[in-house]
Structures are given as C-alpha cells and as structure tokens.
Amino acid sequence: MPVAFCGYGLSRPDIGYDDYENIDVKDKIVLVFKQNPAWRINDEAWGQEYPREKSTIAYQHGAKGILFVSRPNDEKPQPLIGSVMHGEGDQIDSFPQLHISLEAANDFLS
C-alpha cells in the first residue's frame, strides 16, 4: 500500500496551515511526525495534541492507516516500533495506528 508523508499531520486551515493541502491520501498509509511543531502561528495552540487526534484527521482525509515517527532532529527520538492503542483521545478501532523508528520511516521514504 502506498505511503504519503504529511508533515506533522495537522489540518488547521483556520490559521492558514494544512499538512494535507494538495496531498491525496485516499486509500494510502499516512506517515507523520508524532510530535507537534515547536513553533506556532499567531501564538495559536495546535489543538491536535494527541496521536489519536492526528489519526482522526488522516481517517477523515481517506487514509487507511497512520504511521507516527519522531522528528529526525529530536534529542531522544522514540526508537521502538509499537502500537498507540493506549493514550488520550477517541480511538478508531478499524484504523491501524503505529509508531515506527526513524530507520523504518527512512525505508518507507527511500
């Protein structure tokens, strides 16, 4: 199944920022950074603070699943591959959600 990289996985057209703009993710797996950006636009909070919220955004755009990865410049990236079944926010049971290592993400993107 094809993988589409969608940055931070945020969709905030109300403040002029949308990682999904001009990207067709229908029937694809979305790859996004698990963390939100450290910067803000007009001092607005991003709103989508939890991976499950980012999963919902991907699902609403037609994706079939989502892969989370740490930002490559993080001092302590999460190295393990694992499920995000536990945590804050609503869970879409039929939407696969995994955290993968930077190495696995590089393999998908190469």
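Whole-Hz Karplus values for the stretch 98-110 come out as 10, 9, 10, 6, 4, 5, 5, 4, 4, 4, 5, 8, 8 Hz, taken residue by residue from phi with 6.51 cos²θ - 1.76 cosθ + 1.60 and θ = phi - 60°; glycine and proline positions read x. In order along the stretch 7-13, the phi-based Karplus estimate (6.51 cos²θ - 1.76 cosθ + 1.60, θ = phi - 60°) of 3J(HN,Hα) comes to x, 8, x, 9, 9, 10, x Hz; Gly and Pro are listed as x.
Here the Karplus relation 6.51 cos²θ - 1.76 cosθ + 1.60, evaluated at θ = phi - 60°, turns the backbone of the stretch 16-29 into coupling constants of x, 9, 8, 5, 9, 4, 6, 10, 8, 10, 4, 6, 10, 8 Hz, with x for every Gly and Pro. A full extension of the chain between I41 and E53 corresponds to an added length of 2.4 nm, given 0.36 nm per residue minus the alpha carbon distance. Each label point was placed 7 Å from the Cα along the Cα-to-Cβ direction; for L109 and I92 their separation is 2.3 nm.
Coordinate-derived values only; no laboratory data. Since the model is a prediction, treat every value here as computed from it, not as a measurement. Cβ atoms come from the backbone with ideal geometry, glycine included; neighbour counts cover every protein chain shown.
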